[in-house]
Every structure is written in C-alpha cells, then in structure tokens.
1. Looking at (1) at positive phi; (2) in contact (Cβ under 8 Å) with a residue 12 or more places away in the chain, find the lone condition where residue 71 falls short.
2. When only residues in the stretch 31-44 that are under 32 Å from the mean Cα position of the chain (by Cα) and exposed (fewer than 10 other Cβ atoms within 10 Å of the Cβ) count, which is modelled with the lowest pLDDT?
3. Pick out the one residue from 67, 48 that is part of a loop (DSSP other than H, G, I, E, B) and farther than 29 Å from residue 5 by Cα.
4. For residues in the stretch 132-189 being closer than 16 Å to residue 95 by Cβ and not in a strand (DSSP E or B), which is nearest to the chain's Cα centre (by Cα)?
5. Working only within the stretch 92-125, note down all residues that are surrounded by fewer than 16 Cβ atoms within 10 Å (Cβ to Cβ), in a helix (DSSP H, G or I) and under 31 Å from the mean Cα position of the chain (by Cα).
6. Confirm whether residue 195 is within 24 Å of the chain's Cα centre (by Cα), assigned to a loop (DSSP other than H, G, I, E, B) and farther than 23 Å from residue 106 by Cα.
7. Does the stretch 68-87 hold any residues that are within 30 Å of residue 14 (Cβ to Cβ) and surrounded by 11 or more Cβ atoms within 10 Å (Cβ to Cβ), and which are they?
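The values are calculated or read from the model by the stated rules, or taken from the named source; none is laboratory data. Since we're looking at a predicted model, the values are computed, not measured. Here the Cβ positions follow ideal geometry from the backbone for every residue, glycine too, while neighbour counts run over all protein chains shown.
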C-alpha cells in the first residue's frame, strides 16, 4: 500500500513554484498501545462524558472552553474557532535561509520526506536541492496544515528533500534555569584526556539499526506467546533483574576511566589481588608439615610420663 501524502502543494522560491508531495518520515507502528478491557466479559471499556452533580450529558450540550483561571472558562463556538483558522494555502514560501548548524536541535520536532509531484516539477526540484547543498543552508518557511500554521525547515536528503517541523520560540523552555546550580569548575587535564580517549575509542558511524528497543521486543514476544496460548490468564515468567550495585563507596573517577580505556586496573581491585597472592605461601606451609607430623606421634608418649615422675619424687 502506497504511503499517503501528509501535504500536497508547492514550494515557492521567489518567482519559482515547485509542485511537491510531503510524506511522513516516521511511523507509529513500532509503538504498542493498550486498551482498557472489562476482564469478566472481555469487552472494551467505553467512556461516558459526565458532569459532576449532573451525570451523563449529550454531545450537543458540550462546548469548547479555555481555562483562564481555576474553574473559570471562556467558551468558544465552533464557527468562532473556524473563523480564526489560517487559510489553507497550498504554498510553502521559503522566506529565509540559515546555516545548517545554526538551529538548535531543541527546535526540531518531526521529519517528513519531500518529493516532486510529477516529472515536470523534477528539474526545478533538483535545482533547489543542489543549491541548498552547495550553499550548506537550510530553507525556512511556514506551512498551513488543517487550519494551523507550522514553522518548517527544508534541507537536502539524498535525492530528495527533508522537511522538519520546528517548535516556535514559546514552545521551548530555556535551559539556564536547570543548569544554574552547576559550578564553574574546570576538570583536571588528565581526567579530560582519559574521557576524550574513551570517546574516540568508541566513536563509529551512526547506524540506527544497531540499536534495538528491548522493551518493545520483549512486550511483542509476550503478546505473541499469549495470543498463541489462546488463554486470558496472565503468564508469569522469571525475569532477570538488573544487578544492583552493593555498597555505597564512591567509584574513583580516574580509576574507572583508566579501566574503560584499557589502562591500569583500579587500585581498589589491585590491592585484594596482592593480598591473595601473599596468602598463597602460607597455605603451602601446612602441606610441608604433614610428613613431620608422624614423628611427634611416637615422641609424645615419652614426655608425658616425665612430669609424672618428677611429681612423685
């Protein structure tokens, strides 16, 4: 089944218009959602719209309201909301261009693929793509979708273009308030070198297929198992719990970094090993005394009567 276009229209660059189609670049099929079920009957639970003190209400008695203070609402009619919706223009005009690394990742929201709508649009589409690639720029514009207006960024993506919706400024929290209590301390050079070495050692080209959502995989396996069993009973299995760290000793950062990069073993682990090595010769001494232990067995009766004779004398 062919993917359904999220938006169809034209990208406008000055006097040039390029008919395009926009498709979602992500899919929600990987996520697992649950429904609330009435266990005795196996039927899905429905929700009634109820007013406290009144009970269930009809849908024609429901209006949209915006809470301006606790318990106080401004009521809006559907036609009033429709009147302020942005006209659904099928044109995305690129009004500004910025450097590719100039937009903070916090602003990026959701990606979409952009393809030319037909063969006639392909030439202008390719020119725009390659011009953006050569200039190393991202195009910005606003696109109207379902009555609202979205801020979007467009950049080259292989043979096509990638459109990403952006958050507006008032939708992003500033991070300074969360970081204000972090002190202005410079790390020790040796610690910084070790951490940098570890980063370089584990650096590799990004491949999303290398990472798996273990929770979703395990959940799917459980669902498949219960579906094949065809029972409504819960399946309980032994699940290995992650090992919890014992003790409250603070790990030495230097030793941990050295071990991570394949360097010197932490001193906390080296000391017990040395003590164990020192105890090994002590363990061998009892083995050497075994042949000598037979001689005292014949000599012990002789000294025993000697003290007795002295007492009689």
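1. (2)
2. Checked the stretch 31-44; the qualifying residue modelled with the lowest pLDDT is 31.
3. Residue meeting the stated conditions: 48.
4. 168
5. Hits for the stretch 92-125 are 105, 106.
6. Criteria not met by residue 195.
7. Selection gives 85, 86.
Every residue, every condition in (1) closer than 30 Å to residue 28 by Cα; (2) in contact with a strand residue (DSSP E or B) (Cβ under 8 Å, 6 or more places away or on another chain); (3) touching a residue at least 40 places away in the same chain (Cβ under 8 Å), yes or no:
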| residue | (1), (2), (3) |
| --- | --- |
| 118 | yes, yes, yes |
| 123 | no, no, no |
| 130 | no, yes, no |
| 148 | yes, no, yes |
| 151 | yes, yes, no |
